[in-house]
1. Could you tell me the extents of the range 1-135's C-alpha atoms along the three principal axes, largest first, rounded to whole Å?
2. Which of the three applies to the range 246-286, rounded, prolate or oblate, going by the alpha-carbon gyration tensor with a ≥ b ≥ c and a/c under 1.5 meaning rounded?
3. Can you tell me how much longer the chain between residue 332 and residue 283 gets when fully stretched, taken as 0.36 nm per residue apart minus their C-alpha distance, in nm with one decimal?
4. Quick check: net charge around residue 230, other residues with Cβ under 9 Å of its Cβ, Lys/Arg +1 and Asp/Glu -1?
5. Under 20 Å from the 7 Å Cα→Cβ point of residue 32, by amide nitrogen: which residues of the range 137-178?
6. Taking the Cβ of residue 304 as the center, what net charge do the other residues with Cβ under 12 Å away carry, scoring Lys and Arg +1 and Asp and Glu -1?
7. Just for the Cα atoms in the range 180-241, what are the lengths along the principal axes, largest first, rounded to whole Å?
8. How far, in nm, would the chain grow between residue 24 and residue 97 when pulled straight, counting 0.36 nm per residue and subtracting the alpha carbon separation?
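Here, each number is a calculation from the coordinates, and none is a lab measurement. Model, not experiment: these values are computed from the prediction. Note: ideal-geometry Cβ built from the backbone for every residue, glycine included; neighbour counts use all protein chains shown.
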Amino acid sequence: MAKFKFEYVWLDGYTPEPNLRSKTRVMEFSSYKGDVKKLPMWAFDGSSTQQAEGHFSDCLLKPVTTYRDPARINGWLVMCEVLNSDGTPHAANTRCIAENAADYWFGMEQEYTLVLNGRPLGFPDNGYPAPQGMYYCSVGNGNVAGRDIVEEHLDLCLEAGLNLTGVNAEVMLGQWEYQVLSKGSKKAGDDLWMSRYLLFRICEKYGVDVEFAPKPVEGDWNGSGCHANFSNDTMRNKGGKEYFMNIFEAFKKNHKAHIAVYGSGNDMRLTGKHETQHIDSFSYGASDRGASIRIPVTTAKTWKGYLEDRRPASNIDPYLVAHRIVTTIKDME
Ligand code: ADP
Ligand code: MN
Ligand code: MN
Ligand code: MN
């Protein structure tokens, strides 16, 4: 028998966006290969996470998926749903709301800012660095800040089994992006939340904070988004201009319902500047980075493939975003 460390990870009850919480459970197995069914439910004090009242505070953790935890000996990360003490889904359990649309793929472009002492990493203590221009996909001291963290995060995510497809330095100094491609709407949420968990944990070691606010620095500095690239079986394999036009119509009609789950403070970011469409307008366009929805060049040529919804902010709850996209398309079909 060997002792394994299982990090049970869940989302708390804070609004408008939940935070990640976790605690370790040590269990003995002769061997463990990631089967979530072998893991028991667990409990936590919901009164400390805004998920229950003090006098009746137990909430339950239901393991739903596992990832390797490469930074720990015999370590596993366990994504959990939160249930009330009677076993019903907790009101803040957004994973449970999302139906599992297995043929939907999501490529989430997670942007974020590394922060030291309240300032983006690389910014001087007073004032500002040189204006934007030289930072995006840059190399060289002064042009990027925090690459060690980014590299370590990429390696850990890949070893954990998360399908990161790339990383890049972003338009603002100290701002970065990684992309995660997931198949299935619930998995899209699980994967993005767990990749964020690993980012937070690595940053603890460096004494650096992670900022997911959509507009961390006011003024002529890019905000942080989480572009949601999506496709379903029909888009990828059957396609057709008409099907895509119907999607644009449906997205236009539901613009407000989408914006409602596309992150708090997103109005600070979707201003119509800095490669965004204004939050009150909906538009789509081939290769148009100023549109709400960009049609990638290959999709526009063949009317087969995926679309990029550029509206979601960096602080989204991906369960809600995936669910909204799936719902709009399914209602249209
Ligand atoms: P850009 O920065 O040009 O907007 P990225 O390369 O950062 O684009 O992100 C594009 C994302 O789209 C990647 O995560 C990629 O995996 C994802 N993607 C590619 N094909 C599909 C598809 N068929 N369905 C959903 N996502 C896809
Ligand atoms: Mn990108
Ligand atoms: Mn980007
Ligand atoms: Mn993009």
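1. Ordered largest first, the range 1-135 gives principal extents of 54, 38, 36 Å.
2. Because a/c hits 1.5 or more and a/b fails to exceed b/c, the range 246-286 counts as oblate.
3. Details: separation 49, 0.36 × 49 = 17.64 nm, distance 1.80 nm.
Answer, rounded to one decimal: 15.8 nm.
4. Details: positive: none; negative: 308, 309.
Result for the local shell: -2.
5. 156-162
6. On the way: positive: 236, 238, 241, 301; negative: 233.
Within the 12 Å Cβ shell, the charges total +3.
7. Result for the range 180-241: principal-axis Cα extents of 48, 30, 13 Å.
8. Numbers: separation 73, 0.36 × 73 = 26.28 nm, distance 2.63 nm.
Difference between extended and current length: 23.7 nm.
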